[in-house]
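Below you'll find the structure, written out as structure tokens, and then a few comments.
The values are calculated or read from the model by the stated rules, or taken from the named source; none is laboratory data. Source: prediction; values computed, not measured. Please note: Cβ atoms are built from the backbone with ideal geometry, for glycine as well, and neighbour counts cover all protein chains shown.
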Amino acid sequence: MNSEEFRKFAKVIVDYIADYFGTIREKQVLSSVEPGYLQCLLPAEAPSIGEPWQSILQDLDKIIIPGLTHWHSPNFHAYYPTANSFPGIVGELLLSGLGVISTDWLSCPASVELELKMMDWLAKILNLPALFLNSSGGPGGGIIQNAASDSTLVALLAAKKRTTRKYLIPEGKLVAYTSEQSNSSVEKAGLLASVPMRLLPTDPEGRLCGPTLLRAIRDDIQTGHTPCCVVCTLGTTGTCAFDRLDEIGPICRQFDVWLHVDAAYAGSAFACPEYRHLMKGVEFADSFNVNPHKWMLVNSDCSAMWFKDTEEVKRMFEEEGSSEVSNVQFWQIPSVRRFRALKLWFVLRIYGVRGIQDHIRKQVGLAGYFERLVRSDDRFEVCTASMGLVCFKLKGPDDLTRTLIDRVSRRRNIFIMPYYYQNRLVIRFVICSRLTEEADVLYAWREIQTQADEQGGVEYGNTTKKNQLAISGIADVSTAQI
Ligand SMILES: *Cc1c(COP(=O)(O)O)cnc(C)c1O
């Protein structure tokens with residue numbers, strides 16, 4: 001493909017994307033294809049002679065679009081948002097087009113420096129303590145990681161190194177802590193780093209509190225273990241609960257335990273001053289992570305991570321006695337970095353801080369509207385409501401709610417998720433798409449209500465939980481799968 005063809009092809013695709021967004025509201029959010037649908041639609045082998053790009057376009061409509069779950073449909077209310085915006089799309093296109101990667105400064109000065117600057121902009125937008133800034137003059141700093149999962153692993157590895165260096169103890173004695181409501185990636189980080197990750201119980205609101213952590217730490221010390229890391233979640237994946245960072249922070253300091261804050265989804269809300277009380281105690285954090293690729297309109301991947309002392313994280317990759325390493329490639333697992341700061345720069349400049357705040361407030365407002373709708377129908381109960389997420393259920397046995405989810409899912413007009421919370425089945429309803437408006441929320445609620453009407457009070461008590469969810473093609477969801 002030459003330059004001229006590239007111009008044509010790429011312009012057509014840009015129009016294609018704009019048209020896709022222009023018509024996404026009319027598309028059914030869940031696809032109706034059957035498993036394996038694509039296998040017989042495509043030849044078994046790649047073409048031996050290259051084809052014109054025009055022939056691929058037709059196949060997009062025929063083969064790919066019908067098999068999409070429309071993640072940016074205003075009727076998508078499952079999981080958490082995955083960010084998407086026009087500035088973010090263009091940023092992703094440009095960074096792919098420029099195609100640079102960076103390691104040290106010389107490998108691409110603009111990429112290295114823009115990233116350091118954007119991380120400072122972002123830290124200031126969220127009102128993080130100044131010691132996290134790249135420009136603080138101290139050892140603090142931040143970079144863009146691939147994902148929150150990587151960030152947790154990096155934090156845990158750094159914590160491990162710090163603790164083993166300090167106490168000169170074998171790694172086998174180390175332990176780490178998080179709550180049973182934390183993201184599955186936290187437990188995975190424990191496995192990858194070979195550090196047992198204790199999943200501590202939460203309070204009735206789904207939060208990890210100080211006394212629970214303190215008890216666990218004391219018990220472990222008594223049995224000869226060495227606590228090395230606590231992963232505190234601000235905005236759990238299941239119900240968007242906020243661990244008591246203000247209680248956890250001082251305990252981590254007292255026992256010299258690395259404190260990592262996982263604010264993958266909800267951290268973006270700290271752009272708005274009215275939510276900052278939820279990160280009280282953030283000054284105790286050794287590392288802090290938020291995903292602009294979730295709730296801040298920057299297309300995936302873009303996960304922001306700050307360290308209080310970047311020397312500690314560099315040390316984990318450093319051979320003892322080796323020469324000083326001083327650049328950001330040692331704050332991460334991959335050896336090179338894409339120019340992801342471009343996306344962040346585009347989004348922050350085109351939306352402005354005000355635009356980001358408006359986006360967060362609008363989505364929280366829409367969730368509040370949905371919550372009021374649920375509360376207005378006395379067949380339902382709201383179990384939790386936080387940020388853009390409402391968890392609710394039909395009053396009565398779980399089977400009623402299970403049947404409702406199943407009926408709604410089979411119609412494919414809206415996408416909602418079951419979740420087990422405190423041994424009860426609830427429906428997670430999240431405001432995900434930036435296109436969702438009040439009318440879409442009302443539409444979703446009517447969809448749920450009508451199915452509840454038709455279902456009546458009948459209870460399908462003889463079908464097992466697994467079967468019911470299997471019918472709708474939805475797995476038995478626990479935090480592990482979200
Ligand atoms: C979504 C989520 C994650 C995982 O994020 P990735 O960037 O996909 O790894 C981690 N923690 C919390 C609290 C989340 O909501």
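Just the residues that are away from the ligand (no atom under 16 Å from the Cβ), over 16 Å from Gly267 (Cα atoms) and either assigned to a loop (DSSP other than H, G, I, E, B) or not assigned by TED's automatic domain parsing to the domain that holds Met279 (or both), please, taken from the range 103-159.
Thr103, Asp104, Cys108, Leu133, Gly137, Gly138, Pro139, Gly140
Looking at (1) within 14 Å of the ligand (Cβ to nearest atom); (2) touching a residue at least 60 places away in the same chain (Cβ under 8 Å), can you tell me which one Cys229 breaks?
Of everything listed in (1) within 14 Å of the ligand (Cβ to nearest atom); (2) touching a residue at least 60 places away in the same chain (Cβ under 8 Å), Cys229 misses just condition (1).
Sort through Phe429, Phe380, Phe392 and tell me the only one that's closer than 15 Å to Asp453 by Cα, modelled with pLDDT of 95 or more and not assigned by TED's automatic domain parsing to the domain that holds Ala241.
Among Phe429, Phe380, Phe392, only Phe380 is closer than 15 Å to Asp453 by Cα, modelled with pLDDT of 95 or more and not assigned by TED's automatic domain parsing to the domain that holds Ala241.
Name the residues in the range 352-367 that are polar (S, T, N, Q) and over 19 Å from the mean Cα position of the chain (by Cα), would you?
Matches in the range 352-367: none.
If you check Gly224 against the conditions, is it surrounded by fewer than 23 Cβ atoms within 10 Å (Cβ to Cβ), modelled with pLDDT under 95 and part of a loop (DSSP other than H, G, I, E, B)?
Spelling it out, Gly224 is indeed surrounded by fewer than 23 Cβ atoms within 10 Å (Cβ to Cβ), modelled with pLDDT under 95 and part of a loop (DSSP other than H, G, I, E, B).
State all residues of the range 198-221 that are farther than 18 Å from Arg253 by Cβ and part of a helix (DSSP H, G or I); if no residue qualifies, say none.
Listed by number, the list holds a single entry, Asp219.
In the range 160-197, how many are part of a loop (DSSP other than H, G, I, E, B) and free of Cβ contacts under 8 Å to residues at least 24 places away in the same chain?
Total meeting the criteria: 5.
Taking the residues in the range 283-301 that are under 15 Å from Met387 (Cβ atoms) and in a helix (DSSP H, G or I) as candidates, determine which candidate is nearest to the ligand (Cβ to nearest atom).
Lys294
Within 30 Å of Trp331 (Cβ to Cβ), in contact (Cβ under 8 Å) with a residue 40 or more places away in the chain and either β-branched (Val, Ile, Thr) or in contact with a Ser or Thr (Cβ under 7 Å, 6 or more places away or on another chain) (or both) - does that describe any residue in the range 10-19?
No; the residues of the range 10-19 include none that is within 30 Å of Trp331 (Cβ to Cβ), in contact (Cβ under 8 Å) with a residue 40 or more places away in the chain and either β-branched (Val, Ile, Thr) or in contact with a Ser or Thr (Cβ under 7 Å, 6 or more places away or on another chain) (or both).
Restricting to the range 392-407, name every residue that is in a helix (DSSP H, G or I) and over 25 Å from the mean Cα position of the chain (by Cα).
Result: Asp398, Asp399, Leu400, Thr401, Arg402, Thr403, Leu404, Asp406, Arg407.
Go through the range 177-193 and give me each residue that's charged (D, E, K, R) and either within 10 Å of the ligand (Cβ to nearest atom) or at pLDDT below 95 (or both).
Result: Lys188, single match.
All but one of (1) surrounded by fewer than 22 Cβ atoms within 10 Å (Cβ to Cβ); (2) within 16 Å of the ligand (Cβ to nearest atom); (3) assigned by TED's automatic domain parsing to the domain that holds Ser151 hold for Ser386; which doesn't?
Result: Ser386 fails condition (3) only.
Filtering the range 249-267 down to residues that are free of Cβ contacts under 8 Å to residues at least 60 places away in the same chain and not in a loop (DSSP other than H, G, I, E, B), which residue is farthest from the ligand (Cβ to nearest atom)?
Gln254
Out of (1) within 16 Å of the ligand (Cβ to nearest atom); (2) in a loop (DSSP other than H, G, I, E, B), the odd one out for Ser73 is which?
Condition not satisfied by Ser73: (1).
Give me a count of the residues in the range 397-420 that are within 25 Å of Lys27 (Cβ to Cβ) and out of contact with any strand residue (DSSP E or B) (no Cβ under 7 Å at 6 or more places or on another chain).
Count: 9.
With the condition kept exactly as written, say whether any residue in the range 54-61 is touching a residue at least 24 places away in the same chain (Cβ under 8 Å) and in contact with a strand residue (DSSP E or B) (Cβ under 7 Å, 6 or more places away or on another chain).
Looking through the range 54-61, none of the residues is touching a residue at least 24 places away in the same chain (Cβ under 8 Å) and in contact with a strand residue (DSSP E or B) (Cβ under 7 Å, 6 or more places away or on another chain).
Suppose we filter Lys308, Lys343, Lys280 for residues that are away from the ligand (no atom under 14 Å from the Cβ), free of Cβ contacts under 8 Å to residues at least 40 places away in the same chain and closer than 19 Å to Lys124 by Cα; which single one remains?
Just a single option satisfies the conditions, and that option is Lys280.
For Arg218, state whether it is surrounded by fewer than 16 Cβ atoms within 10 Å (Cβ to Cβ), modelled with pLDDT under 95 and either not assigned by TED's automatic domain parsing to the domain that holds Ala241 or not hydroxyl-bearing (Ser, Thr, Tyr) (or both).
no
Residues being more than 29 Å from Val408 (Cα to Cα) and surrounded by 10 or more Cβ atoms within 10 Å (Cβ to Cβ): count how many of those fall in the range 19-40.
0
Just checking, which of Arg434, Arg446 is modelled with pLDDT of 95 or more, more than 25 Å from the chain's Cα centre (by Cα) and surrounded by fewer than 21 Cβ atoms within 10 Å (Cβ to Cβ)?
Residue meeting the stated conditions: Arg446.
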